[in-house]
Amino acid sequence: MKKKLSFDLLIIGGGPAGMTAAIYAARANLKTILLESNITGGLVNSTYTVENFPGRPGIHGMELMETMRAHVDSLNIPVEEVCEIEHLVLDGMEKRAETADAVYTAKAVILATGRHPIALETPTEAGDVHFCAICDGAPYAGKHVLVVGGGNSAFDEGLYLLGLGVKHITLVECTDRFYAAQATQEALLGSGKVTALTEARVDDLIVRDGHLTGALLDHKGEQLTVDVEGIFVFLGQRPNNALFADQVDLTEDGYIDAGIDMSTSLPGVFSAGDINHKPFRQITTAMADGTIAALSAEKYVRTQS
């Protein structure tokens, strides 16, 4: 039989937005629980170096998230990691999230589910395709790899791969230029270990005996074959909205168009972080969203008492 647990506030998602919301909610004396489908920290865990967080000129993303999680724990906020929500009900006075083991009810909910990486779509699949150099880069020391993408993530992770001892990187971007910060571009492209191709895309993968051995590229209309043993993909992200796409009003791109108080189209349901429709997505903007969402949720809960 599933256990039944009641709270003032249920936070879904444990990235910077969700953890900030939990901290503010706890300090407002709301009985709060945070549910995270993976581990707390979100995509920031895979960021090699965060250099724009006020007060910390340079810090590893995972280290920054560990300090935030320690703050959450110091307030005795219950956190459920690797928690798969099977059913979510957001309308009505009582909100409900159901997992395999428990049913969580709350007066208010904050959706802070973030985004997920866009996959590389090719006819042939391979297990050597990754989305995080920090997580999966170590085994490729001394090997050739392909990095797909031309933004800051691709260049930052490319530098991290070189730091791990990757022998050579082929970098491909489908548009006619790269979009990463100029200093980052100069650092990676000036290493002497990178072949950079614009107007290029990955058409297919070459797999032999279950292992990736190469990739077929289309470069300005000509087909190229590159020998690589691993691929790291940085093509952007899509919103994690599957849990509530049929309940909360979304934009055409699948994001929540939250109000200035982080309210959604449903009373008592707020949203924060990268799941929101907004022009800038940074750690600091996610934390600001989480702050506002928690304070708005606190106000809503008090009116329901």
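The values are calculated or read from the model by the stated rules, or taken from the named source; none is laboratory data. As the structure is a prediction and not an experimental result, all values here were calculated from the model. A quick note on method: Cβ atoms are made from the backbone with ideal geometry, for glycine too, and the neighbour counts reach across all protein chains shown.
Considering every residue within segment 277-291, establish whether at least one is acidic (Asp, Glu) and touching a His at 6+ places or on another chain (Cβ under 6 Å). Give the derivation first.
Applying the first criterion (acidic (Asp, Glu)) to segment 277-291 yields 289.
Next, only the ones that are touching a His at 6+ places or on another chain (Cβ under 6 Å) stay: none.
Scanning segment 277-291 turns up no residue that is acidic (Asp, Glu) and touching a His at 6+ places or on another chain (Cβ under 6 Å).
Do we find that Gly13 is closer than 23 Å to Ala297 by Cα and of a type outside the set (Lys, Arg) in this structure?
Values: closer than 23 Å to Ala297 by Cα: yes; of a type outside the set (Lys, Arg): yes.
When the stated conditions are applied, Gly13 passes them.
Conditions tested, residue by residue: (1) hydroxyl-bearing (Ser, Thr, Tyr); (2) assigned to a loop (DSSP other than H, G, I, E, B); (3) modelled with pLDDT of 95 or more.
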| position | (1), (2), (3) |
| --- | --- |
| Ile33 | no, no, yes |
| Glu66 | no, no, yes |
| His71 | no, no, yes |
| Val82 | no, yes, yes |
| Ile85 | no, yes, yes |
| Ala106 | no, no, yes |
| His116 | no, no, no |
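Name the residue that is nearest to the chain's Cα centre (by Cα), counting only residues in segment 13-31 that are among the small types (Gly, Ala, Ser) and surrounded by 24 or more Cβ atoms within 10 Å (Cβ to Cβ). So that I can check it myself, show each step before the final result.
Pass one, segment 13-31, residues among the small types (Gly, Ala, Ser): 13-15, 17-18, 21-22, 25-26, 28.
After this cut, where a residue has to be surrounded by 24 or more Cβ atoms within 10 Å (Cβ to Cβ) as well, the list is 13-15, 17-18, 21-22, 25.
Values: Gly13: 10, Gly14: 10, Gly15: 8, Ala17: 11, Gly18: 12, Ala21: 17, Ala22: 18, Ala25: 23 Å.
Looking at the filtered set, the residue picked out is Gly15.
Of all the residues that make up segment 33-63, how many are under 18 Å from Arg115 (Cα atoms) and touching a Leu at 6+ places or on another chain (Cβ under 6 Å)?
So the answer is 0.
Considering segment 60-86 alone, what residues qualify as being aliphatic (A, V, I, L, M) and out of contact with any helix residue (DSSP H, G or I) (no Cβ under 7 Å at 6 or more places or on another chain)?
Initially, segment 60-86 is screened for residues aliphatic (A, V, I, L, M), giving 62, 64-65, 68, 70, 72, 75, 77, 79, 82, 85.
Within segment 60-86, Ala70, Val82, Ile85 meet the criteria.
Condition check ((1) farther than 22 Å from Gly18 by Cα; (2) part of a strand (DSSP E or B); (3) touching a helix residue (DSSP H, G or I) at 6+ places or on another chain (Cβ under 9 Å)) across all residues:
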{"residue": "Leu88", "(1), (2), (3)": "no, yes, no"}
{"residue": "Val103", "(1), (2), (3)": "no, yes, no"}
{"residue": "Ile110", "(1), (2), (3)": "no, yes, yes"}
{"residue": "Thr113", "(1), (2), (3)": "no, no, yes"}
{"residue": "Thr124", "(1), (2), (3)": "yes, no, no"}
{"residue": "Gly127", "(1), (2), (3)": "yes, no, no"}
{"residue": "Ile134", "(1), (2), (3)": "yes, no, yes"}
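Kindly indicate whether Thr264 is surrounded by 15 or more Cβ atoms within 10 Å (Cβ to Cβ), at pLDDT 95 or above and of a type outside the set (A, V, I, L, M).
Working: surrounded by 15 or more Cβ atoms within 10 Å (Cβ to Cβ): yes; at pLDDT 95 or above: yes; of a type outside the set (A, V, I, L, M): yes.
Yes, satisfied.
Tally up the residues in segment 181-210 that are assigned to a loop (DSSP other than H, G, I, E, B) and modelled with pLDDT of 95 or more, please.
Here is the first cut: in segment 181-210, the ones assigned to a loop (DSSP other than H, G, I, E, B) are 181, 190-193, 199, 209-210.
Then keep just the ones that are modelled with pLDDT of 95 or more; that gives 190-193, 199.
Residues that pass the stated criteria total 5.
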